[in-house]
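The values are calculated or read from the model by the stated rules, or taken from the named source; none is laboratory data. Just so it is clear, the structure is predicted and the values come from calculations on it, not from any experiment. Neighbour counts are summed over all protein chains in view; Cβ atoms, including those assigned to glycine, are modelled from backbone coordinates with ideal geometry. To get the accessible areas, we keep the full protein, side chains included, count just its heavy atoms, and leave off ligands, DNA and RNA. Shrake-Rupley method; radii C 1.70, N 1.55, O 1.52, S 1.80 Å.
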Amino acid sequence: SSGRSYSLNAASLPSARGQGEPLTTRLSPPSGASFVALIMGDAEQSWLLASDQGYGFITHSSDFETNHRQGKAMINLGEARLMPPLRVQHPDDDHLALLSSPGRLLIIGTAELPQLSKGKGNKLMNLGGDERLLMMAVLPSGAPLKIIAGARHVVLKGQDLEHYRGERGRRGHLLPRGFQKAEQLIVDQ
């Protein structure tokens, strides 16, 4: 939650027997910080890091690695909250669906995002006033997007998705009435 990354060798973690152990026995996060996500993978895998204020960038698994107990500063958050990191399979071909608190959806190409090892990143979506980025989803080329709001859902594909495509840093378009308070974005394969 502080924008820092920590590294542990998976083989050094306790086995499935017992209750495990607190991460703070091996790591020294700042007071009051919590762990937001756990990632594991090859050094060259691409990940999207973003804040709820609409800034983000693409980084690689190897950029998260550090030998320091205090971790490594990865993303500058300020007063923002870290969004869960997303795996980006094809940084040159995938798209990113961004949903803001007033129910605006913007779909941008991941090729428009900077590839950094740390920092704040670029503005992904223009947010005004108290607006926040609520959800993100990586869309492989041609994949439909399911939006769930309560007991209702809608599946956007083809021309429906085109309506929400735009350039990085735009506001996006409002979702249809009844879906502006979406609870989930699901990528159908």
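Give me a count of the residues in segment 102-121 that are open to solvent by 50 Å² or more (accessible area, probe 1.4 Å) and within 26 Å of PHE35 (Cβ to Cβ).
So in segment 102-121, the residues open to solvent by 50 Å² or more (accessible area, probe 1.4 Å) come out as 104, 111-112, 115-118, 120.
Checking the rest, the ones that are also within 26 Å of PHE35 (Cβ to Cβ) come to 115-118, 120.
Matching residues across segment 102-121 total 5.
Could you pull out the residue among GLU79, GLU131 that is acidic (Asp, Glu) and open to solvent by 80 Å² or more (accessible area, probe 1.4 Å)?
Numbers: GLU131 fails: open to solvent by 80 Å² or more (accessible area, probe 1.4 Å).
Of GLU79, GLU131, the one residue that is acidic (Asp, Glu) and open to solvent by 80 Å² or more (accessible area, probe 1.4 Å) is GLU79.
For VAL138, only one of the following conditions fails: (1) in a helix (DSSP H, G or I); (2) under 16 Å from SER46 (Cα atoms). What is its number?
(1)
Please determine, by comparing only the residues of segment 113-163 that are of a type in the set (Lys, Arg) and within 14 Å of VAL187 (Cβ to Cβ), which one is modelled with the lowest pLDDT.
Going residue by residue through segment 113-163, those that are of a type in the set (Lys, Arg) are 118, 120, 123, 132, 146, 152, 157.
Subset that is within 14 Å of VAL187 (Cβ to Cβ): 146, 157.
Working: LYS146: 94, LYS157: 90.
Among them, the one singled out is LYS157.
Before we move on, is ASP130 acidic (Asp, Glu) and more than 29 Å from GLY41 (Cβ to Cβ)? Can you show your working first?
Details: acidic (Asp, Glu): yes; more than 29 Å from GLY41 (Cβ to Cβ): yes.
Yes: the conditions hold for ASP130.
Pairs, please: C-beta under 6 Å, at least 6 apart or cross-chain, first residue over 25 Å from THR66 (Cβ atoms) and in segment 106-128, second loosely packed, with under 15 Cβ neighbours inside 10 Å?
Note: pairs meeting the criteria are ALA111/ASP92; LYS123/GLY169; ASN126/GLY169.
Counting just the residues of segment 24-42 that are hydrophobic (A, V, I, L, M, F, W, C) and open to solvent by less than 70 Å² (accessible area, probe 1.4 Å), which one comes out nearest to ARG81 (Cα to Cα)?
As a first pass, look at segment 24-42 and keep what is hydrophobic (A, V, I, L, M, F, W, C): 27, 33, 35-40.
When the remaining residues are screened for being open to solvent by less than 70 Å² (accessible area, probe 1.4 Å), the result is 27, 33, 36-37, 39.
Numbers: LEU27: 21, ALA33: 11, VAL36: 10, ALA37: 13, ILE39: 18 Å.
Per the stated criteria, the residue is VAL36.
Table: residues versus (1) in a strand (DSSP E or B); (2) hydrophobic (A, V, I, L, M, F, W, C).
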position: ASP93; (1), (2): no, no
position: LEU96; (1), (2): yes, yes
position: ILE107; (1), (2): yes, yes
position: ALA111; (1), (2): no, yes
position: SER117; (1), (2): no, no
position: LEU127; (1), (2): no, yes
position: GLU131; (1), (2): no, no
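State whether one or more residues within segment 83-99 are within 12 Å of the chain's Cα centre (by Cα), of a type outside the set (A, V, I, L, M, F, W, C), surrounded by fewer than 19 Cβ atoms within 10 Å (Cβ to Cβ) and more than 17 Å from SER2 (Cβ to Cβ).
The initial filter retains those residues of segment 83-99 that are within 12 Å of the chain's Cα centre (by Cα), namely 83-88, 96-99.
In the following step, the residues that additionally are of a type outside the set (A, V, I, L, M, F, W, C) were identified as 84-85, 87.
Filter once more, so that each one left must be surrounded by fewer than 19 Cβ atoms within 10 Å (Cβ to Cβ): 84, 87.
Restricting the remaining residues to those that are more than 17 Å from SER2 (Cβ to Cβ) gives 87.
Yes, segment 83-99 contains at least one residue that is within 12 Å of the chain's Cα centre (by Cα), of a type outside the set (A, V, I, L, M, F, W, C), surrounded by fewer than 19 Cβ atoms within 10 Å (Cβ to Cβ) and more than 17 Å from SER2 (Cβ to Cβ).
Cβ-Cβ below 9 Å, separation at least six or inter-chain, first residue in segment 2-26 and on the phi < 0 side of the Ramachandran plot, second modelled with pLDDT under 85 and exposed (fewer than 10 other Cβ atoms within 10 Å of the Cβ): which pairs?
Short answer, once both residue conditions are applied: GLU21/PRO14; ARG26/SER12.
Return the residue satisfying two criteria in turn: it lies in segment 147-185 and is part of a strand (DSSP E or B) and farther than 24 Å from TYR55 by Cβ, and of such residues it is most open to solvent (accessible area, probe 1.4 Å).
First, the residues of segment 147-185 that are part of a strand (DSSP E or B): 147-149, 152-156, 165, 173-174, 184-185.
Filter again for farther than 24 Å from TYR55 by Cβ, leaving 148-149, 152-156.
Details: ILE148: 33, ALA149: 12, ARG152: 128, HIS153: 107, VAL154: 39, VAL155: 52, LEU156: 14 Å².
Looking at the filtered set, the residue picked out is ARG152.
With respect to the numbered conditions (1) under 19 Å from ARG168 (Cα atoms); (2) in a loop (DSSP other than H, G, I, E, B), which one is the sole condition not fulfilled by GLY78?
The single condition GLY78 does not satisfy is (1).
For segment 7-57, name all the residues that are over 24 Å from the mean Cα position of the chain (by Cα) and under 30 Å from ASN126 (Cα atoms).
Those that are over 24 Å from the mean Cα position of the chain (by Cα) and under 30 Å from ASN126 (Cα atoms): none in segment 7-57.
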